[in-house]
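Student: If you scroll down you'll find the structure; I have some questions about it.
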Amino acid sequence: MRSEELIGELTAGLRPVRRMASPARQAGLWLGLAALAVGLAVLANGLRHDLQERMLMPQEVGQWLASVLAGVLAAVAAAMLARPDRSWRWVLLPVPALIGWFGSLGWGCLADLARLGPMAGQIGTSWGCLRFILAMGVPLAAVLFWLLRHAGPVRPMPVLLLGGLASAALCSAGLSLFHHLDAAVMVLLWHGGAMLLLVLAGALLGRPLVMRRQA
Amino acid sequence: MSRTEGEWEAWMAAAQAGDAAAYDRLLRAALPLLRAVARRRIVNPAEAEDAVQDALLTIHTLRHSYEPARPIRPWMVAICERRAIDRLRRQGRRGGRETPIDDFGETLAAPGANKGEERVAAAELRAAVAELSEPQRTALRLAKLEDLPLTEASARSGMSVGALKVATHRAMKVLRRRLGVEE
């Protein structure tokens with residue numbers, strides 16, 4: 001078939017479409033939903049007993065804000081990258097917050113080394129972290145992928161990775177409000193590990209969601 | 001923003017609202033741009049045209065995601081680039097089994113290698129000339145190759161004008177017969 005004939009066929013049965021909301025609005029919509037879901041989960045679990053104490057420590061506050069910021073910016077970047085004409089540089093948007101967050105955790109590990117003694121003594125299991133981040137993060141990521149499914153035909157992978165990261169970071173931030181983990185290495189291991197798992201799962205399993213037939 | 005660009009954006013906005021005529025105008029106007037994008041990446045013209053059609057289908061599928069406040073060309077170009085790259089990847093996976101031959105009128109890179117026929121013809125001519133008698137060869141060289149007037153050819157060769165004429169004529173006859181040219 002010649003391209004001119006294809007154009008004829010595409011235009012012949014043209015139906016009006018509802019214009020999609022702007023990427024910023026889409027990101028805002030999802031962030032609102034995520035804040036509601038994670039907020040309810042935090043309230044259901046009850047805030048951690050030492051929260052007030054920790055919120056007086058600048059490094060703790062900075063760390064928490066960096067995790068929220070990483071989640072918010074990753075969601076914005078995912079929504080932007082889902083549009084074909086937006087620059088790939090949006091990928092870099094959450095990177096500084098992410099570096100700040102994990103850099104602070106790494107620094108915390110060193111501080112704990114001096115405070116609590118050898119690493120081996122600080123490491124334990126915290127399946128609850130993994131469970132919460134996955135149980136909360138998978139549906140949130142799925143909603144974001146569905147919202148950004150127009151990325152499928154053009155730029156699926158960065159959107160899947162950033163969408164997974166956004167969910168994981170916000171769940172981790174929520175988790176920090178009610179779950180007590182003292183040693184930074186535990187946070188790094190269990191939060192970071194769960195986030196990595198969620199991002200990988202999103203990249204591997206999210207494809208069918210963004211590759212669905214467009215509405 | 002040039003007038004034409006604003007026009008395309010307006011057409012797409014109208015197409016989103018269901019205006020088929022505006023959509024038709026837009027896609028036809030964009031076709032050369034899409035073809036240029038595809039051909040920049042894909043050498044094979046048929047494959048490039050397939051990529052253009054893939055791009056048209058994707059543009060159609062994603063038309064609701066276009067934001068009319070933004071220029072439409074980068075949007076279309078990005079979609080077309082993506083479809084062209086997809087085509088190339090598929091082509092790459094298929095690559096071991098197919099070789100397009102359209103672009104290989106010349107089969108080998110060495111400059112002399114594609115001149116086989118000319119070289120065979122030249123060899124035949126040399127062999128034919130070798131069969132001529134010495135006076136015939138001389139007459140042919142002076143009268144036909146160097147294109148001298150008969151009087152000068154006669155002075156140089158020491159042959160009479162009559163002898164030169166006869167020798168040239170006979171030489172041509174021998175060559176024609178030898179190379180299979182009808183009298």
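The values are calculated or read from the model by the stated rules, or taken from the named source; none is laboratory data. Being a predicted model, the structure only gives us computed values, none of them experimental. Every residue, glycine among them, receives a Cβ derived from its backbone with ideal geometry; neighbour counts consider all protein chains shown. Side chains are part of the model used for accessible areas, which takes the heavy atoms of the whole protein and leaves out ligands, DNA and RNA. Shrake-Rupley method; radii C 1.70, N 1.55, O 1.52, S 1.80 Å.
Student: Which pairs turn up if I take residues in segment B:17-32 that are at the interface with chain A (Cβ under 7 Å from one of its Cβ atoms) and look for partners that are in a loop (DSSP other than H, G, I, E, B) and among the β-branched types (Val, Ile, Thr) with beta carbon separation below 9 Å, at least 6 apart in sequence or on another chain?
Tutor: B:17/A:17; B:18/A:17
Student: Then there's this: Hey, among the residues in segment A:8-62 that are outside any helix (DSSP H, G or I) and away from chain B (no Cβ under 14 Å), which one's surrounded by the most Cβ atoms within 10 Å (Cβ to Cβ)?
Tutor: Filtering segment A:8-62 for residues that are outside any helix (DSSP H, G or I) and away from chain B (no Cβ under 14 Å), the one surrounded by the most Cβ atoms within 10 Å (Cβ to Cβ) comes out as A:48.
Student: I would also like to ask the following. Can you tell me which residue within segment A:170-191, out of those that are of a type in the set (Gly, Ala, Ser) and at pLDDT 90 or above, is farthest from residue A:155 (Cα to Cα)?
Tutor: Ranking the candidates gives A:174 first.
Student: In segment A:141-153, what count of residues is obtained for those that are of a type in the set (A, V, I, L, M) and open to solvent by less than 10 Å² (accessible area, probe 1.4 Å)?
Tutor: Qualifying residue count, segment A:141-153: 4.
Student: Take segment B:42-57 and flag every residue that is free of Cβ contacts under 8 Å to residues at least 60 places away in the same chain and farther than 15 Å from residue B:76 by Cβ.
Tutor: Listed by number, the residues that qualify are B:42, B:44, B:45, B:46, B:47, B:48, B:49, B:50.
Student: Would you be able to tell me the number of residues in segment B:136-165 that are closer than 27 Å to residue B:122 by Cβ, assigned to a helix (DSSP H, G or I) and aliphatic (A, V, I, L, M)?
Tutor: Matching residues across segment B:136-165 total 7.
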